[in-house]
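Read the structure below first, then the notes.
The values are calculated or read from the model by the stated rules, or taken from the named source; none is laboratory data. Not measured: the values here are computed from a predicted model. Cβ: placed from backbone, ideal geometry, glycine included. Neighbour counts: every protein chain shown.
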Amino acid sequence: MNNKTDFNHFNTLLVQNVGSKVGPIAPTITPSAAFGYEDAEQAEGIFSAQVNKPLYARVGNPTNAKLESIVAKVEGGFGAIATSSGMGAISMVCTAFLSAGDEILCIGGFFGGTYSLVNETLSRFGVSNSFCEVNDFTHIENKLKSGVKMVLFESVGNPSLTLPDVQGIIDLCNQYDTLVMIDNTATPLLLRPLEMGADIVVHSSTKNMSGHSAALGGIAVFREVDPQDDKLLHEKYADVHKIVKKMGKKAFIPICKKRAIRDYGMTANAFGSFMTMIGLETLSLRVERVNKSVETIANQLEQKLPKGVTVNHPCLVSSPDNARYLSDFPDGCGPLLTLDCGTKENAFKLLNALILVTQTANIGDNRTLALHMQSTIYSDFDAETRKFLGVTDGLIRVSIGLEDPTVIAEDFLEAAQEL
């Protein structure tokens, strides 16, 4: 499979789909919470999903629909649902498909919010979980054989930067008729899991997709359903068979809207979707530049950082994921790299000496960002959990932005002199 990214293709696709040729050429915002129906018959048709018109903003509006159509094209999916945040997208999918007594298998390192959702919140509602390392295929296959309901993993571990065998995991899930959801937040355009056979891809669109930190949002993208022969028709998904048989190839969308978003309300707002589309116009340009910069910066830092500070990125020969990076991620694996300063005190000294870099909890921004992990996102986690997730006491997560990579590297190297 050719997994190189055609950035010129996406440069054209994005600007041509975000903009309009006639009337307002920028996306339009529809801020209305409610929509009028032409007559009672149309209202009935809208509520039965036979008429494709806005029902009520909690289950979607025209601005959200525009964003959804663009991202579905980008991901090679059949359809999408925009949500209020990236966690909203994951929560929507989980609550739509998982019930008390079900189990979710989580593979590899995870963002702290996702780990908490699975390990704490879903477990309170009777959904059990299992976690394993990315290469533990024995555990993965045993869980799939036991009838686990869903598999979830990140395209790139955040902040561990572990790289999974994406195709291998997808193929195994399909062999055992198990839903697989991939968080592709770090790698839009670089990885297209739906074309590799995945069922669901989710993003925090707040991050790379928008790039400007001005729009909180998320999105889930779905493959087309085969109403005659689909894993959703397996007996373990019996609770959605009625929807699959009625809605056919678009079944993922009504399943998530009727069984999650309608009742939980994790809906995107029109202004946020508008701002996300503005960011999408330049996504391909930004992704290409940032991923080249990450490699440049990682190599410079590895060569020049003082003793006691180590850099981690899969592009480095020293990384245990270097071979997979070269074979499966030829255009990069997102904006992240990490620095391990050994102790929290040293990490604080380095962070506080930075001039160009912004300290914040976001990633995928146009600006370069950094954050100490143990004292912030993972401060509520015990030592054993932090170890599994790749969070050490001195770990700093860095999200590379659009600035001159030489200047970014110099900022870190000069700050490291304070140690």
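Overview of results
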read-out: Wholly enclosed helices (runs of 4 or more DSSP H) of the stretch 11-97 bearing at least 2 residues touching a residue at least 40 places away in the same chain (Cβ under 8 Å); value: 62-75, 86-97
read-out: One residue from THR360, THR385 being within 23 Å of ASP183 (Cα to Cα) and either surrounded by 16 or more Cβ atoms within 10 Å (Cβ to Cβ) or at pLDDT below 95 (or both); value: THR385
read-out: Cβ pairs under 7 Å, 6+ apart, first in the stretch 123-138 and of a type outside the set (S, T, N, Q) and assigned to a strand (DSSP E or B), second at pLDDT 95 or above and buried (at least 18 other Cβ atoms within 10 Å of the Cβ); value: PHE131/CYS106; CYS132/ILE107; CYS132/ILE140
read-out: Selected residue (criterion: farthest from ALA186 (Cα to Cα)) from residues of the stretch 343-379 that are touching a residue at least 24 places away in the same chain (Cβ under 8 Å) and among the charged types (D, E, K, R); value: LYS349
read-out: Close pairs (7 angstrom Cβ cut-off, 6 or more residues apart or separate chains): in a helix (DSSP H, G or I) in the stretch 242-254, surrounded by fewer than 18 Cβ atoms within 10 Å (Cβ to Cβ) and among the charged types (D, E, K, R) anywhere; value: ILE243/LYS258; LYS249/GLU224
read-out: Residue, surrounded by the fewest Cβ atoms within 10 Å (Cβ to Cβ), within the stretch 147-170, restricted to residues that are farther than 21 Å from SER91 by Cβ and either of a type in the set (Phe, Trp, Tyr) or free of Cβ contacts under 8 Å to residues at least 40 places away in the same chain (or both); value: GLY168
read-out: Selected residue (criterion: farthest from CYS106 (Cα to Cα)) from residues of the stretch 145-159 that are outside any strand (DSSP E or B) and within 15 Å of the chain's Cα centre (by Cα); value: PRO159
read-out: Matching residues in the stretch 59-71 - criterion: being at pLDDT 95 or above and either of a type in the set (D, E, K, R) or surrounded by fewer than 20 Cβ atoms within 10 Å (Cβ to Cβ) (or both); value: PRO62, ALA65, LYS66, GLU68, SER69
read-out: Meets criteria (among the acidic types (Asp, Glu) and within 21 Å of ASP199 (Cβ to Cβ)) for ASP136; value: no
read-out: Test for VAL202: is it within 21 Å of PHE78 (Cα to Cα), touching an Asp or Glu at 6+ places or on another chain (Cβ under 9 Å) and of a type in the set (Val, Ile, Thr); value: yes
read-out: Residue count, the stretch 364-384 (criterion: over 21 Å from the mean Cα position of the chain (by Cα) and of a type in the set (S, T, N, Q)); value: 3
